[in-house]
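Comments concern the structure below.
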Amino acid sequence: MILGNWDFDRTSLELFQYYRISSNAIYPFRFEGKTRLLRFAPIAEKLKENVQAELDFIAYLRSNQYGALESVASINGEELVEVQTP
């Protein structure tokens, strides 16, 4: 449901069996053969402003040639997506 906000290889959904949950849930998947990580957390546990600050810090590190992960915009061009789930 959440992953539908990004492009992904449908054949990579078997990777969802390799997940990690702590304060975030992290699930691997692939797009065009490259592994990506879907990270999400309940809104009650992570303030939007704090998550945006993390993304900004990652962008800062990358702009200074530090080997940090890269965030990938959603299909709608958003770097941070809020979704309602059941």
| query | Checking residue 68 against (1) in contact with a Gly (Cβ under 9 Å, 6 or more places away or on another chain); (2) among the hydrophobic types (A, V, I, L, M, F, W, C); (3) not in a helix (DSSP H, G or I), which single condition isn't satisfied? | reply | (1)
| message | Where the second residue is surrounded by fewer than 11 Cβ atoms within 10 Å (Cβ to Cβ) and of a type in the set (Asp, Glu) and the first is within 18 Å of residue 37 (Cβ to Cβ) and lies in the range 49-69, which pairs have Cβ atoms under 7 Å and are six or more apart or on separate chains? | response | 62/70
| note | Within the range 5-47, residues more than 20 Å from residue 84 (Cβ to Cβ), touching a residue at least 24 places away in the same chain (Cβ under 8 Å) and in a strand (DSSP E or B) come out as 29, 31, 36, 37
| Inside the range 51-86, can you point out the residues that are loosely packed, with under 10 Cβ neighbours inside 10 Å and among the polar types (S, T, N, Q)? | 63, 64, 65, 76, 84, 85
| Matching residues, the range 31-86, being within 22 Å of residue 10 (Cβ to Cβ), over 12 Å from the mean Cα position of the chain (by Cα) and basic (Lys, Arg) | 34
| request: Return yes when residue 64 is farther than 15 Å from residue 80 by Cβ, among the polar types (S, T, N, Q) and at pLDDT 85 or above and no when it is not. | output: yes
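Here's the yes/no breakdown for (1) within 21 Å of residue 7 (Cα to Cα); (2) of a type in the set (S, T, N, Q):
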site: 28; (1), (2): yes, no
site: 40; (1), (2): yes, no
site: 46; (1), (2): no, no
site: 57; (1), (2): no, no
site: 65; (1), (2): no, yes
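The values are calculated or read from the model by the stated rules, or taken from the named source; none is laboratory data. On a predicted model such as this, the values are computed, not experimentally measured, just so you know. Heads up, the Cβs are rebuilt from the backbone with ideal geometry, glycines too, and the neighbour counts pull from every protein chain shown.
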